[in-house]
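To start, the structure under review is shown below, and the notes come after it.
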Amino acid sequence: MTLIKSISGIRGTIGATAAENLTPLDIVKFTAAYAAFIKKSTALEHGRKPCIVVGRDARISGEMVHRIITGTLMGMGCDVTDIGMATTPTTEIAVEGENAAGGIIITASHNPKQWNALKLLNRNGEFLNAAEGEEILSIAEAEDFTFSPVDELGKITQKQYLHEHIRQILSLDLVDRNAIEAAGFRVAIDCVNSIGGIAIPELLYALGVKEIFKLHCAPHGNFSHNPEPLPQHLTELASLTRSSKATVGFAVDPDVDRLAIYCEDGEPFGEEYTLVAVSDYVLQHTPGNTVSNLSSSRALRDVTRARGGEYHAAAVGEVNVVAKMKETNAVIGGEGNGGVIYPALHCGRDALAGIALFLTYLAKSGRTPSELRKSYPPYFMAKQKVELTPGIDTEMILNRVKERFSDRQITDVDGVKIDFPDKWVHLRKSNTEPIIRIYSEAHSPEEADEIGRQIISLIQEFS
C-alpha cells in the first residue's frame, strides 16, 4: 500500500494505516492545508468566503473521499461548489465559471481502482506550480491550520457543469457541428466505467453523432480493464471498432483528460499522434506555435514547422507545458500521452475538446483515420527504465551522460535529453519511483530500442 505526497497533490491506495496510505486522516490533513493556503493567498472580497469547486471521477472510493473533502473545506471556513461526478477538464472549467478561489479534483487518473488522489487547482482552474505545492506540503507537515468556529463555517452548493463544458466546446470556432452531423460518423467508445461513460456520449450526441457503440460506460468505478488507455488494454475497443464498421474509436482514462484514438480498421492511431493530428488541424486555421513535453514525439515539431510555426519543449508535467505555452503564445499544446491542451477553451488537458476537434478535422478532410495517420511522419517510441539501488548518485550519472554526448544537442531542464539528427533519447529520474525513465524515439522500433539500451549500458557503467 502506498501514500505519495508531491507538489502536484497527494495520492495513494485506500485503507490501512494513516501516513502510509490514503486514509480519512490523510485526506483531512491535506485538504485543510490546501484550504489554509487558499485563505492565506486569497483576500476576502466584501466578506465573501473563499469558494472551492470539488469534482470527482467514478472511483469506488470517490464518494467517501468526496464527503471528507467537502466537510473539511466547510470546517475550514470555505464555501464549496460541489459539481459531483465530473471530468477533470469540466472541473477546471467550473473553477473559472464560478470565479472560485481554487478547486480539488478527486481522481487518481489512470491508476487502478484501489488508488485515489487529490489534484489541486488555482483560481484559473490550472494546476498549482511547484512553489505553491511545496507550501501546501509544508502546511500539512506542520499542521499549520485552524478550523473555523461555528458561525464561520462554509456552505455547500451543488451544481452540474457538464452541459456548460459541452456548450463551450460547441461554441469554438474550429468545432463544426454541422459538418460532423453531415458526415454521418459511427463512433465506438470505451469509457472504462468512469465519468467518461456519461460525458462522452453526451458530447457525441451534442455534436450530431447518431450512432454510438459503447463499451464500459456504466460509471461504477469497478474498472473492466487496466484504466490506462494503452493498446494492450484496449483490445475490446479495437475489435468493436472493426466489427461495428465504426468510422473511429475513442478511449479515455477515468478522469477524461487523455484521449486514445482507433482507426476504422481497429488499429491504434497512436497516443503520441492524438496531439499531432489535432494540432495539425488547429495550425491550418490558426497558425502559431506549439508546445509538448520533452518525452513527446518529434512529429509535433515536424508538423508545426511545416505549418510555419515554432515548436517548444517543456519539462514533463502539465503545469510545465501550460507555463511554456503561455510564455510562447502557443495556439495548442499538450502531452504525448493523448493530452490535448487547447487554450482557446482552457489551459488543461481535455479529451472532450480533443474529440470535437478531431471529428471536425475528419469531417472537413474527407479522410479516414488511417489515411490521416499515414500523412504524418513515421516515428516509433521505446519506453524503458533502470531500477535505482540505495546510494546511487543520480545527478552524477546524468552529468556523465551529458559529458559522453557533449557533441550532440543537449536539453537539461528536466533530466537529460539528447537529440540526434534522426532520433532522440530522454532520461530522467522518476518523481514517484526509485527509477530512471528512459524514453527514446526513432524511425523504427529497433532503432528506438537500441538507443535506449545504449543509455542503460552507460548508466550501469557509471553506477
Q: Provide the packing ranking of 214-225, 270-281, 317-328, i.e. peptides ordered by the mean count of other C-beta atoms within 10 Å per residue, highest first.
A: 270-281, 317-328, 214-225
Q. Using a cut-off of 12 Å between alpha-carbon atoms, which aspartates and glutamates can reach LYS245, once sequence neighbours fewer than 8 places away in the same chain are excluded?
A. GLU211, GLU264, ASP265
Q: Straight distance only, please: which lysines reach the Cα of LYS423 with their own Cα at less than 16 Å, same-chain residues fewer than 8 apart left out?
A: LYS383
Q) For q = 0.07, 0.13, 0.14 Å⁻¹, what log10 I(q)/I(0) does the chain give under the Debye formula with an equal point scatterer on each alpha carbon and no solvent? A) -0.36, -1.24, -1.40
Q.
Within segment 3-164, count lysine pairs with alpha carbon atoms under 21 angstrom apart where the residues are 8 or more positions apart or belong to different chains.
A. 17
Q: Translational diffusion coefficient, Stokes-Einstein: compute it for segment 195-299 using the Kirkwood radius over C-alpha pairs as Rh, at 25 °C and 0.890 mPa s, and state it as an integer in µm² s⁻¹.
A: 163
Q: Would you mind putting 201-207, 354-360 in packing order, based on average other-beta-carbon counts within 10 Å, highest first?
A: 354-360, 201-207
(Q) To check my understanding: the extent here is largest minus smallest coordinate of the Cα atoms along each principal axis. What are those three numbers for segment 380-462, in Å, largest first? (A) 36, 24, 23
Q: Run the dipole for the chain about the Cα centre, Lys and Arg Cβ at +1, Asp and Glu Cβ at -1, nothing else charged, and hand back the magnitude in debye, nearest 20.
A: 580
Q | Highest-first arrangement of 19-29, 182-192, where packing means the average Cβ count within 10 Å | A | 182-192, 19-29
Q | Kirkwood Rh in Å, taken over segment 110-163 so that all alpha-carbon pairs contribute | A | 14.9
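Every number in this text was worked out from the coordinates using simple rules, so none of it is lab data. Just so you know, these numbers come straight off a predicted model, no measurement behind them. Every residue, glycine among them, receives a Cβ derived from its backbone with ideal geometry; neighbour counts consider all protein chains shown.
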